Amino acid sequence: MSNKQRIASVRANGKGGGTWTFIGQRGSALVLLALAPWFALAAPLAARGGYEGLRDFFANPVHAIAVGVLVVASALHMWLGVVEIVEDYIHKPASKFVLLSLNIIVCAAAAGAGVVALYALAMGT
Amino acid sequence: MATGVSAQNASRPVAPHLQIWRWHVTMLASILHRATGVALTLGAIGLAGWLAALAAGPAAFTPIDALLHSPLGQIALYGLVAALGFHLLAGLRHLVLDAGLLFKKPSANLSAWIAVSGLVIAPVALWAALMLLQG
């Protein structure tokens, strides 16, 4: 087996990333460190106005963009985190493949749905 | 052979002590970081659904809002705030550890305790802030 093949099999069965996993996890962490506490306070305050109050909150493009960044950073952060957990505990190749694929689908869907919803909220449609 | 092995073992340190150990706060911080990470992942999926329902209109939003205001929903939200409080502080601790700081036992233990305290501090602080900001 050539070194190239060995590297390919290691990448398929274990840590896919390296430097970029490290940077992505910590970069998204710094973004969330700022945005998550803000949203935890701002969302219940806006929710006091009920449905209309929340629509008003997200009609402000600054709020919509900030929550959009929060959603995308969360998706990246949780994708990398769940990859770590699956690789630690799941060793059967088939189960690991299914879970890692499911992880990508769920995180991408959450980010996509969140961003589309925020766009619609900001545009008032 | 058997006596040889035991004689050799007797001269060596016997480790690990599988029955003589206790929970350390650093172990608790480690596993809680995972557990709260999974909880917050579910919370983020819920946030995306909540945003989609809000964008879809009152017909979709009303039942979800009612669920969040039910006792079960309130407990879930309380749990999410507690998980966020811990995960943020523990994450901050990991960033500091990545920089090579706080590795001495007392500071590693203290920072782990501070992170664990986030489980209580975050919900209380948020509740107090929302009370103070009552218009």
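Remark: pairs (first residue in the range A:103-117, touching a residue at least 12 places away in the same chain (Cβ under 8 Å); second residue open to solvent by 30 Å² or more (accessible area, probe 1.4 Å) and basic (Lys, Arg); Cβ separation under 9 Å; 6+ apart in sequence or on different chains) are absent. Among the residues of the range B:62-116 satisfying the criterion of being among the aromatic types (Phe, Trp, Tyr) and open to solvent by 90 Å² or more (accessible area, probe 1.4 Å), which is farthest from the other protein chains (Cβ to nearest Cβ)? Restricting to residues being among the aromatic types (Phe, Trp, Tyr) and open to solvent by 90 Å² or more (accessible area, probe 1.4 Å), the top hit is B:Trp113. Look at the range B:50-67: where a residue is farther than 20 Å from A:Ala122 by Cβ, no partner that is aromatic (Phe, Trp, Tyr) and outside any helix (DSSP H, G or I) sits 6+ places away or on another chain with Cβ atoms under 9 Å. Looking at this structure, is A:Val82 within 11 Å of chain B (Cβ to nearest Cβ), open to solvent by 20 Å² or more (accessible area, probe 1.4 Å), at pLDDT 95 or above and touching a Leu at 6+ places or on another chain (Cβ under 9 Å)? Yes: the conditions hold for A:Val82.
When the residues of the range A:15-59 are filtered to those that are touching a residue at least 60 places away in the same chain (Cβ under 8 Å) and not in a helix (DSSP H, G or I), the one that is farthest from the other protein chains (Cβ to nearest Cβ) is A:Gly16.
Does any residue of the range B:37-58 turn out to be part of a helix (DSSP H, G or I), away from chain A (no Cβ under 11 Å) and open to solvent by less than 30 Å² (accessible area, probe 1.4 Å)? Outline the logic, then answer.
The initial filter retains those residues of the range B:37-58 that are part of a helix (DSSP H, G or I), namely B:37-56, B:58.
Add one more test, that the residue is away from chain A (no Cβ under 11 Å), and what stays is none.
No: zero hits.
Do we have any residue at all in the range A:85-108 that's in contact with a Lys or Arg (Cβ under 7 Å, 6 or more places away or on another chain), more than 12 Å from chain B (Cβ to nearest Cβ) and surrounded by fewer than 18 Cβ atoms within 10 Å (Cβ to Cβ)? Scanning the range A:85-108, I find at least one residue that is in contact with a Lys or Arg (Cβ under 7 Å, 6 or more places away or on another chain), more than 12 Å from chain B (Cβ to nearest Cβ) and surrounded by fewer than 18 Cβ atoms within 10 Å (Cβ to Cβ), so the answer is yes.
The values are calculated or read from the model by the stated rules, or taken from the named source; none is laboratory data. These numbers come from a predicted model, not from an experiment. Using ideal geometry, Cβ is built from the backbone for each residue, glycine included, and neighbour counts are taken over all protein chains shown. Side chains are part of the model used for accessible areas, which takes the heavy atoms of the whole protein and leaves out ligands, DNA and RNA. Shrake-Rupley method; radii C 1.70, N 1.55, O 1.52, S 1.80 Å.
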